[in-house]
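Data first, discussion second: the structure below is written as structure tokens.
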């Protein structure tokens, strides 16, 4: 029997860990950009599960692929080959232009894969056994011990030490600060081309190009974390394309699973991927046939429905609307594609709660910023409807 929102919240409080602070809504069904709670209230989803739902809730082609594969084979483990992983690898590498992909499940696993790859590469190619990796301030690359070791968010580190050594942190957007940190031990740089959890922070125009040039000059590997920004979110297939560069490694996830299954990958060259030998790294579920079938369908939907192009055009349309808001408490509207942030000069949470009550779901990030990242399938008419609600609450 369907229970109430109040009952769901009480069950979570009684039996779950208090590691999230969600809005007081319990979603029961979803389709496209729309969701419904356990009491029949309808909402527009303007968060898209932190960009996992680029193709929208329950896209019929992705759900069909999931069901078809579930009736055949779900997991084989990497002890054996299966008949879907090779096809998925081919599709993923062909669409992204990278030579090799190592399949995992979550974004954090893909990041760990990239960190291990660059360290092994530095050891084999340069004999560096204590290589250092430069990250950026306000980064978000996951929740593992190694990743929080180079976070600058105090809460992410509080009580979780001792931390993994071998990381330095440069100010995001400041190439001079990054250059000062480079030593003979430096082997790589990891960054987000647009920082999502930091509040949809877009770096200065030439920053990514400067990082690429620094890496080329010093012989460093450049890792781009495109877990949130990839697969059309920024109006390009990958956000690094806005800077006309190419990183050495890219980590992807979220939308790669089409909003129905956790699928992630580390993309790179044959040379860098060659550092892994059997037993060096892996995942029981990585590359499983169910995830591979879903991943293929997710990529086909992006391609056939031209969602990257829609994100670019509709993102500009949405941005232009948001910039018409007249509220002295609005500090800035920023972003690219359908990855938009509206920064307030006061706490954003109360605004998110008011928007929820009007039928629009979004979430605050870094206290002051409201993030708008709807599914890329959103239409102009739906953007207009969302903006009317935003204008009513914020304008």
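Every number in this text was worked out from the coordinates using simple rules, so none of it is lab data. Just so you know, these numbers come straight off a predicted model, no measurement behind them. Don't worry about glycine lacking a Cβ; one is built from the backbone with ideal geometry, like all the others, and counts go over all protein chains shown.
Numbers below:
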{"item": "Residue order, fewest to most surrounding Cβ atoms within 10 angstrom, among 339, 273", "result": "273, 339"}
{"item": "Fewest-first sequence of 150, 318 by Cβ atoms within 10 Å of each Cβ", "result": "150, 318"}
{"item": "Label point distance in nm, residue 380-residue 15, each placed 7 Å from Cα along Cα→Cβ", "result": "4.8"}
{"item": "Residue 213-residue 392 FRET efficiency (beta carbon distance; Förster radius 45 Å; 0.05 resolution)", "result": "0.45"}
{"item": "Antiparallel content of DSSP bridges confined to the chain, in %, to 5", "result": "65"}
{"item": "Mean Cβ count within 10 Å, highest first, over the residues of peptides 173-185, 154-166", "result": "173-185, 154-166"}
{"item": "Choice from 122, 381, 114 showing the highest fluctuation, given a GNM over the chain with Cα pairs closer than 10 Å", "result": "381"}
{"item": "Virtual spin-label span in nm between residue 60 and residue 125, 7 Å along Cα→Cβ", "result": "4.7"}
{"item": "Cβ-derived FRET efficiency at R0 56 Å, residue 42 paired with residue 244, nearest 0.05", "result": "0.85"}
{"item": "91, 67, 336 arranged by Cβ crowding within 10 Å, fewest neighbours leading", "result": "67, 91, 336"}
{"item": "Net length gained if the chain between residue 183 and residue 171 were fully extended (0.36 nm per residue, minus Cα distance)", "result": "2.7 nm"}
{"item": "Mean-position separation - Cα centroids, the stretch 222-297 and the stretch 360-395, in angstrom", "result": "27"}
{"item": "Computed FRET value (nearest 0.05) for residue 34 with residue 152, which takes r as the C-beta separation and R₀ as 30 Å", "result": "0.25"}
{"item": "Residue of 70, 239, 255 that the Gaussian network model of the chain assigns the largest fluctuation, springs spanning Cα pairs under 10 Å", "result": "70"}
{"item": "Ordering of 220-227, 257-264, 366-373, 303-310 by burial proxy (mean other Cβ atoms within 10 Å per residue, highest first)", "result": "220-227, 257-264, 366-373, 303-310"}
{"item": "Equivalent-ellipsoid semi-axes of the stretch 61-304, from the Cα gyration tensor, Å, largest first", "result": "30, 20, 17"}
{"item": "Fluctuation leader among 340, 329, 360 - the chain, Gaussian network, Cα springs under 10 angstrom", "result": "329"}
